[in-house]
Each structure stands twice: as structure tokens, then as C-alpha cells.
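The values are calculated or read from the model by the stated rules, or taken from the named source; none is laboratory data. As the structure is a prediction and not an experimental result, all values here were calculated from the model. Every residue, glycine as well, gets a Cβ built from its backbone with ideal geometry; the counts of neighbours run over all protein chains shown. Please note that ligands, DNA and RNA were not included when accessible areas were found on the heavy atoms of the full protein model with its side chains. Shrake-Rupley method; radii C 1.70, N 1.55, O 1.52, S 1.80 Å.
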Amino acid sequence: MAKEPVRVLVTGAADQVPVLNLLMCSSNFDRSFTGDLIVRWHILDKVETLVWILMDHEIQRILGRSVGFAGQIGYALVPMIARGVVLGADQPVILHMLDIPFAAEALNGVKMELVDAAFPLLKGVVATTDVVEACTGVNIAIMVGGFPRKEGMERKDVMSKNVSIYKSQASALEKHAAANCKVVVVANPANTNALILKEFAPSIPEKNITCLTRLDHNRALGQISERLNVQVCDVKNVIIWGNHSSTQYPDVNHATVKTPAGEKPVRELISDDEWLNGEFITTVQQRGAAIIKARKLSSALSAASSACDHIRDWVLGTPEVVIAYGCLQALGFPWAYTLMAHTMYQLGSSIPFLSPVAKENGRLYKVSVQLMILAGLKIDEFSRKKLDLTAEELSEEKALAYSCLS
């Protein structure tokens, strides 16, 4: 029997490079350079003055909604969904793509490309600037659109803009999305954006609201595999704790690598605590900035691919167990099928603290710090300090976000 199509929403789906080319060709722009990578254009007319900023070749409207940064990720993501990379080679999909009115023409161009690609699994495309139309009936929502912090902006300013965006989109999902809709927040600050979405979409189960740190997880796997010259698929049980920010804690204390002699602990094979506790952690924490410096664009392909990994493993599971501690099972805890770090609310403080999850029979279970301790898995002093630092940042972000709401 043929499967019913799954409706997948991607916000910020229009690639903004074509829009940018149109702007650059316009004679109405006064161009003033303020740095190697920052260009400002001023449009003067009778109605308003619009300020556009080109930051690392990406465009952002400074009027409360996002068009930049999301565009390239969404543009890379939609063909992966349409091809079956996310939900399987036998699952039809209907793509819902949302962007702001200014990007409507570019969004329609993405729709035309999807039609031209003739994806067999793609049963329909909804390309819209209307949030209600975009959210109606969606089973999976990938929230790529957001407002990034710019030079000279206060944290509260950027938080206020993201609170406004996610309050609006959460309200639309609450009223119009399918029951049991699964949500992945990609836009930063991802943890806090997910928290705001949770507040304004109370009917969506808390376990269904997640944020993307699979990118950080994959980056950590890549660093270990390169260091040991092994296949990335042979590295298991790397954990990302805390905030999706520079305070995140990539933890390899329970990680293993498949070798001809069997599975070996990462720390035993690398045998360099200085690297594992220093350069490895900072490399993962600051990888996004390094990519911007290298390619003059933020991560797009890797972010889109990681979002696909996140959803695929969440919906379909992984082919093998990646955490199999007998002590966890002895406590009645299910075998863990994935270590993608969903946003889970733990530590009794209702902060969106990234932690590993287990999946069994379609249910997600968080692997909290407390559970790991109860199971006899060591959380050393170094790790505890890292966890406290990132938890403190998340608490501050939560307080700031709620101050913007009030």
C-alpha cells in the first residue's frame, strides 16, 4: 500500500544570492564600505529607509524578520528532503517553504527548481510568505529562519527579534500543524528559540520540540576520526552537552572507536588529554566561525546535512545501538539508538539543556547527567565545570528571553 505524503515545513527556504545580485545591480543604492566583509546599502524613498547588511556575502533585513543566513541552509536542505534522504526512499513528501515577503520571488524560483528536478517522491510544493498557510497540516517543521546577532547589536536586541519570530511561528504551528508535529529549531540561539516555541505551542508534546546540535555532534565525530585516521562511522558515544554555542561541551569520556582488536575508548587510543581537553573542544565549539573565515559564508551544506541526520534518526532510528551500557539497561533504561542531542529539559530548571537521547519503540528518552551518575558512568570535575558553565549561560538566555516577552 502506498504511503500517505508527509508534509515538511522549511522556514527561510529561499536562497538569497539571486536577491543580492538584483540589489547590487540597482542604481538606487548608495554603497558604503565599512570593512572587508561588511557592506551597507541605503534605500531612500518617501516611505521608509531600509538598511541591508551584507555580512560574509549573506543578506539580512534589519526590520524584525530574517532573510539572511537561513537562505543557503534551506536551499541546501529542500532537495535532500525531496530526494528521500530524510524520511526514506519510499516516503512521499509535500514540501512547505516559508520566507518573508521580500524573498517571495526567490522562493518561487526555488519552487521552480524543485519542479524541474522531477523528484519522484515530491508530491507537492507550497511556497508561501503566509505563516498560517505554511504551517497548516505539517508533520515535521524545520525552523531555519532566525535573526542573527550583528556587529553593534546588544544581546537583548537580537533576542527580542527572535522571540518575536518564534512566538509568531509557534502560534501558527499550535493552531494549524498536524497532531504530534515534530519540530527541529536550527536558527540561533537554537536552544532558547526552541524554549520560546515550546511556550507558545503548548499542545505540541515537549519531547517533539528539539533543536539542532547534530551539527556539533558530527563535527566532534569528524575531529576524532581525522585524529585517529578511522572511518567516522566507527566512532560512537560522543556527547554534546549544554547550549548550542561556544560554551557547549563536546564530551568523549564515554566514546569508543571500532578497531580490528575490538572497541577501544577514545581516550585510550588518542592518549593526549591536553588535546582532548583543549584544542578538540575549542575546535568543535568554534567550527562555525572557522568555516565563515575560510569560505566567507556560514555553514550551509553541513548544517543541512546534519538536520537531515537529526530527523532521519529521530523518525526512522539508527541501524545499530550506539550506547549499550549494561548498567543503564539494569536500571530499566532502554537501549539507546542515537546520540543526537535533542533539546531536553532537565536538571529541574526548565532550561533547554542539550543532552543525549535514547529511542525505543518510537519514544525518546533523555539521558540526563543524573541518570549517567546513577548508572555508574563517571562525570569528572573537568566535565562538571563545563556543564555548569553552559547551564549558567542557558539560564541567562532564558531570563533574557522572558524579559523580552514581558
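A few notes on this one:
- Karplus (6.51, -1.76, 1.60) ³J(HN,Hα), θ = phi - 60°, over the range 245-252, in Hz, Gly and Pro reported as x: 7, 6, 9, 3, 10, x, 10, 10
- Working from label points 7 Å from Cα in the Cα-to-Cβ sense, the S395 to T282 distance is 2.7 nm.
- Computed on protein heavy atoms with a 1.4 Å probe, the accessible areas place L122, L212 in the order L122, L212, largest first.
- Label reach from D234 (point 7 Å along Cα→C-beta): in the range 253-296, amide nitrogens under 17 Å belong to 255-271.
- The listed residues C404, C233, once ranked by accessible area (1.4 Å probe) with the largest placed first, stand as C233, C404.
- Karplus-derived 3J(HN,Hα), 6.51/-1.76/1.60, for each residue of the range 187-199, Hz, glycine and proline x: 5, 7, x, 4, 4, 6, 4, 5, 5, 5, 4, 4, 5
- Local electrostatic count, L215, Cβ distance below 10 Å [Lys/Arg +1, Asp/Glu -1]: +1
- Spin-label model distance (nm) - S168 vs T129, 7 Å beyond Cα toward Cβ: 1.1
- Think of each Lys and Arg Cβ as +1 and each Asp and Glu Cβ as -1; about the Cα centre, that makes the dipole of the range 78-222 roughly 400 debye.
- Amide proton proximity set for A127, modelled H, under 5 Å, gap of 5+: M97
- Ranking of W241, W275 by solvent-accessible surface, largest first: W275, W241 (1.4 Å probe, protein heavy atoms only, all chains present).
- Under a 5 Å amide H cut-off, with hydrogens placed 1.01 Å from N, W241 pairs with Y249, D251 among residues at least 5 apart or on other chains.
- Note, ³J(HN,Hα) from phi for the range 264-275, Karplus 6.51, -1.76, 1.60, rounded to Hz, x at Gly and Pro: 10, x, 4, 5, 5, 6, 7, 6, 8, 4, 4, 6
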